[in-house]
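The next block holds one structure in the form of structure tokens; read it before the comments.
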Amino acid sequence: MRTRSMMLAALIGAACSWGVPAQVAGRHARPYYYDAAEPQQALARGVSAQVEREVAEEAFHTGAALFDQEWVFGTYMMAAMGLGQMAQLHPESREEYLRVMEHCIDELLTDSVRRFDTHAWGTDALESLATPQGHVAYLGYMNLALGLHRQLEPESRYRELNDAISAALWRRYRTSQSKMLATYPNEHYPVDNLAAIGALGLHARATGADRQAELGGLLDTVRKRYLDRTTGLLIQRVDAHGTPADAGRGSGSALGAYFASWASPELAASLHDAVKRHLTRTPLGFGMVREYVDADGPGDIDSGPLLWGLSISATGFSLGSARVAGDVEHFETVYRTAHLFGAPTSNGQGVRFASGGPLGNALMLALMTAPRPHVDEVAL
């Protein structure tokens with residue numbers, strides 16, 4: 001009996017010692033989730049300071065010039081989204097957030113920032129809007145930032161460009177049998193198309209245009225053709241005919257939920273539920289997301305390095321999927337992991353996640369301020 005009691009005491013002690021790190025790492029999760037001004041604004045200040053200086057390719061070390069350039073683009077784009085969302089959440093600082101958001105959009109329009117897409121296609125995305133080329137790597141994401149700015153500012157100085165890109169995307173989707181536009185020549189990714197579809201939903205809402213039937217058709221195609229039939233996860237890659245060329249994966253599904261939320265909160269919630277049910281693990285209270293349901297693999301540019309099948313990207317992206325699905329418990333467990341391994345630091349310029357780099361911090365701002373469904377507020 002004495003031995004059993006000692007063993008029980010030791011187990012309780014071990015559980016408490018492991019529980020303390022989870023509690024400490026997660027102490028800011030609910031304030032972030034419930035839009036407390038102080039932590040969100042500190043993160044926004046850190047991102048603002050970063051993007052107001054030049055975001056250079058040298059800050060990234062992917063091993064491929066295309067991806068380094070793509071990540072420069074992604075940093076400005078996700079920063080623009082996060083700052084636009086901050087303008088909605090904290091109107092007392094709206095003008096400052098809009099100013100930096102516009103700086104990011106102006107950078108996105110420069111030749112140097114959009115050259116990753118130009119090099120891949122051999123043509124400029126904005127100069128070839130009348131062609132059938134996809135250019136979704138640039139146009140889908142860019143148009144989302146333009147649409148959010150227009151929602152904030154109906155007389156946005158980017159409204160004509162927002163209209164032109166939206167018209168080009170609609171025209172391309174109408175003539176596409178697969179309803180999957182190319183990211184790069186012969187490369188088709190459903191997650192990038194969800195960014196484009198989300199942008200079209202946002203454009204319709206910002207302009208008051210009746211696109212319900214057309215938008216519904218695109219979303220139905222995604223549900224019927226591009227979600228794994230067993231898990232509901234988003235297929236990562238398809239061929240030119242829309243035939244799956246990869247599995248349903250965590251990184252695309254979690255990020256896709258954020259993009260889909262601008263056009264269909266229901267699809268966004270469905271993708272988050274699939275990530276949570278099939279890929280999420282919570283060892284010792286720390287939320288982590290696998291990239292594949294069954295395989296461990298080495299990982300790639302989308303997933304980041306995999307450790308026992310767990311994906312850095314999928315885990316971080318699911319902060320956004322949790323918000324758009326209204327899942328505070330998932331947000332809290334995953335934030336613990338992001339805090340533990342991201343090592344956020346604070347200085348006079350705000351908060352930064354030390355291990356995230358410019359793109360990681362821009363993503364964290366966008367995902368941790370993603371629009372969430374109305375819920376009763378709680379004591380923080």
As a Kirkwood estimate from alpha-carbon pairs, the stretch 139-291 has a hydrodynamic radius in angstrom of 15.8 Å
Under a 5 Å amide H to amide H cut-off, with H placed in plane at 1.01 Å, what residues pair with Gly248 once short-range neighbours are removed?
Gln236
With a cut-off of 8 Å between alpha carbons and a minimum separation of six or more residues, what is the relative contact order of the chain in percent?
20 percent
At a 10 Å Cβ-Cβ cut-off, how would you order Trp170, Trp308, Trp262, fewest neighbours first?
Trp308, Trp170, Trp262
When Leu219, Leu234, Leu146 are arranged by how many other beta-carbons sit within 10 Å of their Cβ, fewest first, they go Leu219, Leu146, Leu234
Coil-residue GluC sites (Glu not before Pro) of the stretch 129-202, DSSP, other Cβ within 10 Å capped at 14
Glu155
In whole µm²/s, the translational diffusion coefficient that Stokes-Einstein assigns to the chain, given a Kirkwood hydrodynamic radius over C-alpha pairs, 4 °C and 1.567 mPa s, equals 61 µm²/s
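Read the figures in this text as sums done on the coordinates, not as results from a lab. Keep in mind it's a predicted model, so treat the numbers as computed, not measured. Positions of Cβ are generated from backbone atoms using ideal geometry, with glycine treated the same way; all protein chains shown enter the neighbour counts.
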